[in-house]
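In what follows, a structure is listed as structure tokens, so that the remarks can point back to it.
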Amino acid sequence: MQTTIAVLEGDGIGPEIVREAVKVLRAIERKYQHTFVLEEAPFGAGAYFTEGAAFPARTQAVCDAAEVILKGPVGLAVDRMAAIPQAERPEIAAILPLRQRYDTFANFRPVRLPATLAAFSPLRPEVLGPGLDILMIRELVGGIYFGAKTEGPETGMAFARDDCTYTAPQVRRVARVAFEEAARRGSPLVNIHKANVLATSRFWNALVEEVGRDFPEVSCRSMLVDNAAFQLVTNPSQFNGVMLLENMQGDILTDQAGGVVGSLGLMPSACIGPDKSYVEPAHGSAPDIAGQDSANPFSMIGSAALLLERCLGLAEEARDVWEALFAVFEAGYVTREFVGRSGMGRQCLGTAAFGDRVVGRILKDRN
Ligand code: IPM
Ligand code: MN
């Protein structure tokens, strides 16, 4: 296959972890005789300083022309961010516009930790149970993130307001994706909500129930988001399967899931739209450790695996990448964040060396 991939390396640790993801894509290209044409473009806080915009017009053009987008984390240290006007900061001026531009409504955030790697988690092995394999599906272009906002001088600093709206088509389409996924995996679905307080959650639940009628084979239960936060750290493996979350609740619980598996560096994601999709790690750009060759590239390489799997339909290639990623950990290697955690007498690798091991594993049967 020949395909064009826009590469937005972002800020902070972005360039160094994106480099490893690209290495892995090159290995897949070689092993399976694909051609990936990579088009780099500036995006994020750095782009604001060099181009005058966090999502410059020329980057938009590169993304429009590409089949799929590989995006690194964005954002700089607090003092540099403070020099950017609020409305120009990368969250507001780059990430949300990117999601909106391609209507990437379904955000896949897999949370996986085999029992063999239980020591990564801050939870005791008996709490962690048999290992985690949860697919969190977060609605990504609706709800309070995209509602009207009122703040600042126009309210005389008397109040501020964020509107939260969901339309029926918005809820139905992401619910359908979650049910399809649960049906495909033959696993249960847990729908997360706050229907005891929020009208949008009651509406959400009614539509989830309606869509669920088309999937009698999927066992679906609903759980209040606050209870789910509690259950995630007391009995996480009950969620093995698919979880469906609206935008804001999904933002929070997916970070919590990163805590449960021991690091946000283990949280890749794919943002799927009707015509175009992009992938990104679920975490920020960790400017405090940028340039030290110590960041964990798992989330970025995992995002490349999701790109193969979810965006290009290359299931076997994606499986190779996942297997290689877990095999490197299982062979006893870790990146710096895990060093010194109890029960882990493991060998520490830098970011690039970790990527090299993953590549070595993918190409191991070849000479
Ligand atoms: C995420 C991030 C973003 C979000 C921010 C950076 C806008 O936290 O992808 O989870 O809140 O969606
Ligand atoms: Mn987040």
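Structure above, values below:
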read-out	value
Flagged links, alpha-carbon separation over 20 Å, of K23/K364; K71/K276; K31/K276	K31/K276
Among K194, K149, K71, residue whose mean-square fluctuation peaks in a GNM of the chain (springs only between Cα atoms under 10 Å)	K149
Separation between Cα centres of segment 141-195 and segment 94-128, rounded to whole Å	18 Å
Antiparallel content of DSSP bridges confined to the chain, in %, to 5	40 percent
Per-residue HN-Hα couplings for segment 314-320 [Karplus 6.51, -1.76, 1.60; θ = phi - 60°; Hz; x = Gly/Pro]	9, 5, 5, 4, 5, 4, 4
Net charge of Cβ neighbours under 11 Å - reference T254; Lys, Arg +1; Asp, Glu -1	0
Karplus-derived 3J(HN,Hα), 6.51/-1.76/1.60, for each residue of segment 136-150, Hz, glycine and proline x	7, 10, 10, 5, 10, 10, x, x, 5, 4, 10, x, 4, 10, 10
Segment 122-260: Cα Rg divided by the 2.2 N^0.38 Å rule of thumb	1.15
Beta bridges by DSSP in segment 122-260, antiparallel share as percent, to the nearest 5	15 percent
Using θ = phi - 60° and Karplus 6.51 cos²θ - 1.76 cosθ + 1.60, couplings along segment 114-119 (whole Hz; Gly, Pro as x)	x, 4, 4, 10, 4, 5
Percentage of interatomic Cα-Cα distances in the chain larger than 35 Å	23 percent
Net charge contributed by nearby residues that have their C-beta within less than 10 Å of A54 (K/R +1, D/E -1)	-3
Carbon/sulfur fraction of accessible area - the chain, other protein chains in place, 1.4 Å, %	51 percent
Relative contact order for segment 122-260, counting Cα pairs under 8 Å that sit 6 or more residues apart, in percent	39 percent
Lys, Arg +1 and Asp, Glu -1 on Cβ, resulting dipole of the chain about Cα centre, debye, nearest 20	640 debye
Centroid-to-centroid separation of segment 36-69 and segment 200-275 [C-alpha atoms, Å]	31 Å
Selection from A119, V197, G12, by position along the positive dipole direction of the chain (Cβ)	A119
Heavy-atom accessible area per residue - segment 286-332, 1.4 Å, Å²	32 Å²
Built amide H within the under 5 Å cut-off of M136, gap 5+	R109, V111, M243
Dipole moment magnitude, nearest 20 debye, segment 122-260 about Cα centre, only Lys, Arg, Asp, Glu C-beta charged	220 debye
Listed peptides 105-117, 311-323, 241-253 by packing density, highest first (mean Cβ within 10 Å)	241-253, 105-117, 311-323
Solvent-accessible surface ranking, highest first, for K364, K276 at 1.4 angstrom	K364, K276
Taking the chain and dividing mean pair separation by its residue count, relative contact order in percent (alpha carbons under 8 Å, at least six apart)	22 percent
Å² per residue, accessible surface of segment 160-258 at 1.4 Å	45 Å²
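The values are calculated or read from the model by the stated rules, or taken from the named source; none is laboratory data. No experiment lies behind these values; they were computed from the predicted model shown. No Cβ is skipped: glycine too gets one built from the backbone with ideal geometry, and neighbour counts run over all protein chains shown. We work out accessible area using only protein heavy atoms, side chains counted, and drop any ligands, DNA or RNA first. Shrake-Rupley method; radii C 1.70, N 1.55, O 1.52, S 1.80 Å.
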